[in-house]
Amino acid sequence: MEEDAVWQSVLGEIELTVSRGNFVTWFKNTQVLRRDDSSMIIGVPNIFYKQQLESKFKPMIMELLAKNGLGEIALEFKTHTSTMPTKRPTNDDTEVVIMSESPKKTNREMFSGNGAPSLTHSYRQGLNDRYTFDSFIVGSGNEMAYAACQAIAQNPGTKYNPLFIYGGVGLGKTHLIQAVGNAVLANKKGSKVVYATSEQFVQEFLDAIRYKKITDFAGHYRNADVLIVDDMQFIAGKEKTQEEFFHTFNALHQANKQIIISSDKPPKSIPTLEERLRSRFEWGMIVDIGAPDFETRCAILQNKATQHNIVLDQPVVEFLANQVQTNIRELEGALNQLLAFCEMRNLTPDLSVVTGLFGTHRSRPRHMNAKQVVERTAKHFQISIEEILSPKRDKDIVFPRQIAMYLLRSELHLSFPKIAQELGRKDHTTAIHSVEKIEKELHFDNILKEHVKEIKEKLYA
Ligand code: ADP
Ligand code: MG
């Protein structure tokens with residue numbers, strides 16, 4: 001059917017109303033299948049679109065139809081096969097050629113050693129099991145991203161490939177995309193889920209070149225069933241790495257493996273992102289994740305408090321939800337600060353305590369940073385900053401260093417590469433081992449517990 005003028009006009013208005021991510025995802029691939037005086041049938045790519053359009057957008061569409069003189073019409077969505085959501089690469093697509101013609105590597109090299117490259121890390125590295133769908137509160141800012149992630153977790157690699165989620169810091173991107181990884185692993189044992197930040201990808205790529213391990217590197221990423229790359233914006237300007245990522249992307253996409261990408265901005269706004277990567281990202285589904293509304297912030301606070309076995313009064317929750325409005329990480333930080341403050345002084349976290357702690361104006365809670373954590377820890381153990389950051393392996397320096405790493409993870413939720421970097425380490429596996437070691441020992445080592453408690457007291461004082 002040729003383009004329906006009314007529908008085109010409705011689409012035009014929708015485009016002005018919803019975010020670009022939502023428009024591209026939900027509306028760009030719709031078409032009118034049939035229209036008569038009393039009904040209109042819109043073709044959509046599949047049932048997921050149908051559900052989303054019906055539950056989220058129908059009232060808005062009806063309103064716009066009325067505005068265009070179709071107020072009484074019955075609107076229906078139908079799945080329609082020719083309404084393909086995305087362009088998929090076909091066999092004659094150029095990337096096959098690009099891969100095999102790449103002067104540096106042959107296909108055989110890429111998928112080296114009969115598909116079993118010698119790997120040093122496992123296929124669930126980098127995933128934090130705290131990040132699940134269950135612990136994620138759904139609200140108006142994130143429901144679209146949540147729905148897409150859930151659909152992918154149930155059926156990775158089939159639809160919405162790649163999924164590109166973008167939004168500001170601390171809004172739950174990492175949480176959601178890791179939740180997909182965790183769910184895939186839970187649904188299907190033995191799945192290969194690879195999670196990396198783009199910084200990690202860049203670093204590992206450079207190391208692979210330096211140590212001539214490019215085959216292992218490529219194999220690791222290209223054998224994934226689900227590849228999750230977080231904070232894609234950091235790959236901007238890194239041409240060689242983008243090229244490598246492009247090949248990885250193609251290899252996986254060709255094999256119907258799921259790719260999930262997060263970034264702080266949509267592909268078109270990432271400066272110096274290679275055009276061909278940008279267009280790859282636009283093949284799939286692009287969703288944005290927005291700031292949480294007041295109710296969502298309250299629900300998140302209540303939920304986190306419950307995880308600490310504490311029930312907060314509603315006025316306390318509302319006070320905190322008003323204090324921090326845009327960043328969920330900061331919201332959590334404020335709550336942690338309150339709970340630590342109360343625990344140390346044996347107080348109940350009521351309204352007088354929160355107002356005393358955060359003031360009555362809407363000032364943001366003062367936030368500690370990584371440097372303060374490292375300095376505090378060094379000071380507690382009476383060693384110097386230079387020592388804690390040095391390569392020294394003496395026991396009385398290694399121990400404080402491990403605690404500092406643990407605190408950077410537990411209090412600031414830094415990524416392992418970031419933790420390693422804060423302590424002057426190149427290799428983030430040291431950070432992983434240190435954090436795991438301290439976490440384990442905290443269960444039985446009371447002296448360690450005391451140390452950690454004292455440092456935290458000073459940090460939150
Ligand atoms: P981003 O990657 O977008 O910067 P994160 O995923 O790291 O944000 O989220 C920051 C913190 O807020 C994490 O501890 C995460 O668990 C929490 N968080 C974010 N969104 C939600 C949500 N909707 N429900 C529960 N916790 C959330
Ligand atoms: Mg993140």
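The values are calculated or read from the model by the stated rules, or taken from the named source; none is laboratory data. A quick note: this is a predicted structure, and the numbers were derived from the prediction, not measured. Every residue, glycine as well, gets a Cβ built from its backbone with ideal geometry; the counts of neighbours run over all protein chains shown. Protein only, heavy atoms only, side chains kept; ligands, DNA and RNA dropped before computing areas. Shrake-Rupley method; radii C 1.70, N 1.55, O 1.52, S 1.80 Å.
How big is the charge dipole of the chain about its Cα centre, in debye rounded to the nearest 20, if each Lys and Arg gets +1 on its Cβ and each Asp and Glu gets -1 on its Cβ?
Around 1140 debye, computed over the chain.
With viscosity set to 1.002 mPa s and temperature to 20 °C, compute the Stokes-Einstein D of the stretch 279-321, Rh being the Kirkwood radius across alpha carbon pairs; µm²/s, no decimals.
Rounded, D is 172 µm²/s.
Provide, as a two-decimal number, the C-alpha radius of gyration of the stretch 234-297 over 2.2 N^0.38 Å, N being how many residues it has.
My calculation over the Cα atoms of the stretch 234-297 gives 1.31.
For residue 390 and residue 37, what is the calculated FRET efficiency with R₀ set at 56 Å and r taken between the beta-carbons, to the nearest 0.05?
Using R0 = 56 Å, I get an efficiency of 0.10.
How much of the accessible area of the stretch 294-358, probe 1.4 Å, is carbon plus sulfur, in whole percent?
Result for the stretch 294-358: 50 percent of the exposed heavy-atom area is carbon or sulfur.
With label points built 7 Å along Cα→Cβ from the Cα atoms of residue 294 and residue 66, find their separation and express it in nm.
2.7
According to a simple spin-label model (label point 7 Å from Cα along Cα-to-Cβ), what is the distance in nm between residue 379 and residue 239?
Calculated label separation equals 4.7 nm.
Suppose R0 equals 35 Å; then what is the FRET efficiency for residue 310 and residue 427 from their Cβ-Cβ distance, rounded to the nearest 0.05?
The value I calculate is 0.40.
Just going by the charge dipole of the stretch 294-358, with Lys and Arg at +1 and Asp and Glu at -1 on Cβ, which of 341, 301, 353 is farthest out on the positive end?
Selected residue: 341.
Compute the long axis of helix 428-441 from its Cα atoms, compare it with the longest principal axis of the Cα atoms of the chain, and write down the angle in degrees, 0 to 90, nearest 10.
That works out to roughly 60 degrees.
Please list log₁₀ I(q)/I(0) at q = 0.14, 0.22, 0.28 Å⁻¹ for the stretch 290-361, using the Debye equation with identical point scatterers on the alpha-carbon positions.
-0.36, -0.92, -1.51
On average, how much accessible surface per residue is there in the chain, in Å², for a 1.4 Å probe, leaving out ligands, DNA and RNA?
48
Mind listing the Cα extents of the stretch 370-460 along all three principal axes, in Å, largest one first?
31, 25, 24
Would you be so kind as to identify which of 248, 322, 266 lies farthest towards the positive end of the dipole of the stretch 241-339, taking Lys and Arg as +1 and Asp and Glu as -1 on Cβ and the Cα centre as origin?
The residue sitting farthest along the positive end of the dipole is 248.
Which whole-angstrom value gives the distance between the alpha carbon centres of the stretch 296-356 and the stretch 237-256?
43
Could you give the length gained by full extension between residue 450 and residue 23, i.e. 0.36 nm per residue of separation minus their alpha carbon distance, to one decimal place?
148.4 nm
Could you let me know the centre-to-centre spacing of the stretch 430-447 and the stretch 160-232, using Cα atoms, in angstrom?
Measuring centre to centre over Cα atoms gives 26 Å.
Counting helices only, and only those DSSP H runs with n ≥ 4, report the 222 nm mean residue ellipticity of the chain as the sum of -39,500 (n - 2.57) divided by its residues, in deg cm²/dmol to the nearest 500.
-15500 deg cm²/dmol
Using θ = phi - 60° and the Karplus relation 6.51 cos²θ - 1.76 cosθ + 1.60, list the HN-Hα couplings for the stretch 328-341 in order, rounded to whole Hz, with x at every Gly or Pro.
6, 5, 5, 4, 4, x, 5, 5, 4, 4, 4, 5, 5, 4
Between residue 54 and residue 140, what's the calculated FRET efficiency when r is the beta-carbon distance and R0 is 22 Å? Round to 0.05.
In this case the efficiency is close to 0.80.
If you average over every viewing direction, what projected area does the convex hull of the Cα atoms of the stretch 303-461 give, in nm²?
9.7
Cα centroids of the stretch 388-411 and the stretch 1-51: how far apart, whole angstrom?
56
How much of the pair distance distribution for the stretch 2-79 lies past 16 Å, counting alpha-carbon pairs only, in percent?
Within the stretch 2-79, distances greater than 16 Å cover 44 percent of Cα pairs.
Taking the Cβ of residue 390 as the center, what net charge do the other residues with Cβ under 12 Å away carry, scoring Lys and Arg +1 and Asp and Glu -1?
+1
When only the heavy atoms of the protein chains count and the probe is 1.4 Å, how do 416, 234 rank by accessible area, highest first?
These residues rank, largest area first, as 234, 416.
Taking only Cα atoms, what is the 0 to 90° angle, nearest 10, from helix 143-154's long axis to the longest principal axis of the chain?
On a 0 to 90 degree scale, this one is about 90.
Along the charge dipole of the chain, which of 150, 197, 406 sits closest to the positive end, that is, farthest toward it, with unit charges on the beta carbon of Lys, Arg, Asp and Glu (+1, +1, -1, -1)?
Of 150, 197, 406, it is 406.
On C-alpha positions alone, give me the angle between the axis of helix 314-323 and the longest principal axis of the chain, in degrees, nearest 10.
With rounding to tens, the tilt is 80 degrees.
Can you give the % of DSSP beta bridges in the chain that are antiparallel, to the nearest 5?
Just about 15 percent of them are antiparallel.
Under a 1.4 angstrom probe, counting protein chains only, how are 460, 211 ranked by accessible area, largest first?
211, 460
Quick one: if you stick a label point 7 Å off each Cα along the C-beta vector at residue 186 and residue 76, how many nm between them?
In this crude spin-label approximation the distance works out to 3.8 nm.
Let me know the volume per residue of the alpha-carbon convex hull for the stretch 98-289, in Å³.
Here the figure is 111 Å³ per residue.
Take the Cα coordinates of the stretch 223-354, assign each an equal point scatterer, and use the Debye formula without solvent to give log10 I(q)/I(0) at q = 0.13, 0.17, 0.19 Å⁻¹.
For the stretch 223-354, the Cα-only Debye profile gives -0.70, -0.84, -0.94.
Let me cross-check residue 63: its accessible surface, 1.4 Å probe, with only protein heavy atoms counted, in Å² to the nearest 10?
140
Can you give me the orientation-averaged projected area of the convex hull built on the Cα atoms of the chain, in nm²?
Mean projected area of the Cα convex hull: 25.9 nm².
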